[in-house]
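> Okay, here's the structure, questions in a sec.
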Amino acid sequence: MPPMTTTVPAIDPSQLLAIWQGSMRLERAALQLAPAELRAKWDALASVNALTAAQQAMEAAKAQAGGWQDLLMAAMTGSNTVLAPRLDLKRTAEKLLADHLKSGALVGLGFQPPRHLHALPVIIPARHWHGHLHFDNATLQSEGLHFIEIRVITPQRLHSLSAIAPTPAPVLIAPPHKAPGRPTIRQHVEAAFETLARDGKINPDQAARSHYPLLRQAMAQSGMQRAAQLSDEGIRPHFAPLFKALQESRKQ
């Protein structure tokens, strides 16, 4: 883990997205930033196949003329000899990471939902890391606030990236705003489209409709509870203008 520090530089908001992109995904950071000894233990455990351990335990039970219940119990016990230590080690690494975020030895950035097309990440203040941190989906809930798509960076790298002048990023053209009325899913679609486009998962040569399953998945990951129930017709008027703008930009 990095040395203890709490100095965070003043950052131009236009640099925040580039810094977030250059940061480490929360779900990967715990092990990647863990002490060398802990990482070595993880590598050793990861080199052992849990399925192989289960099969070996079953063979040993079979040699003792065990019944099917004995074989099942042996398989579970065998796999747990590998999986349980891995889980314990992962939780230890996650606790270390959370402690460093609380102390300021590491800095976390994330978005506040719903993430819209032109949203910028924010640097999460150290006091909020005492809230409910979920590593599997990279979210944090604290003091009534909700942060998603969290990434982690060392203060040293944060200083380094913030010293680099930002370069203009391509801007996708959003559809015209409608007059106030019933709430729509426009912001959710825009945010999901931006995420997929940034990750290279939008192919202008394919049909727009073929991207809808990925779009629903991205919206669900960002916290939209009814994403899976959205119809194609509900998505189309918000997705089509963005997709067309991307297609036209590729032709230029």
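The values are calculated or read from the model by the stated rules, or taken from the named source; none is laboratory data. Treat the numbers as computed from the prediction; the structure is a model and nothing was measured. Quick note on the areas: whole protein, heavy atoms, side chains included, nothing else; ligands and nucleic acids left out. Shrake-Rupley method; radii C 1.70, N 1.55, O 1.52, S 1.80 Å.
> Give me the orientation-averaged projected area of the Cα convex hull of segment 184-252, in nm², one decimal.
4.2 nm²
> Starting from the residue with the highest accessible area, list Thr81, Thr139 in decreasing order, probe 1.4 Å.
Values: Thr81 85, Thr139 15 Å².
In descending accessible area the options line up as Thr81, Thr139.
> If I ignore ligands, DNA and RNA and count only protein heavy atoms, how much of His118 is accessible to a 1.4 Å probe, in Å² to the nearest 10?
Counting only protein heavy atoms, His118 exposes about 110 Å² to solvent.
> Residue by residue through segment 35-45, which ³J(HN,Hα) values in whole Hz follow from phi under the Karplus form 6.51 cos²θ - 1.76 cosθ + 1.60 (θ = phi - 60°), with glycine and proline marked x?
Listing the rounded values in order: x, 4, 5, 5, 5, 5, 5, 5, 4, 5, 5 Hz.
> Show Arg151, Arg157 ordered by accessible area, largest first, where the area counts protein heavy atoms only and the probe is 1.4 Å.
Working: Arg151 25, Arg157 110 Å².
Greatest to least solvent exposure: Arg157, Arg151.
> State the extension gain, in nm to one decimal, for the chain segment bounded by Ser14 and Gln32, taking 0.36 nm per residue of separation less the distance between their alpha-carbons.
Working: separation 18, 0.36 × 18 = 6.48 nm, distance 2.77 nm.
Stretched out fully, the Ser14 to Gln32 stretch lengthens by 3.7 nm.
> Looking only at Cα atoms, what is the convex hull volume of segment 109-162 per residue, in Å³? Don't skip to the answer; put the middle values down first.
Values: hull volume 4.8 nm³, N = 54.
That works out to 90 Å³ per residue.
> At a probe size of 1.4 Å, how large is the accessible area of Arg216, to the nearest 10 Å²?
Only protein atoms counted, so the area is about 50 Å².
> Taking a ≥ b ≥ c as the square roots of the eigenvalues of the Cα gyration tensor of segment 57-166, is the shape rounded (a/c under 1.5), prolate (a/b larger than b/c) or oblate?
Prolate, because a/c is 1.5 or more and a/b exceeds b/c.
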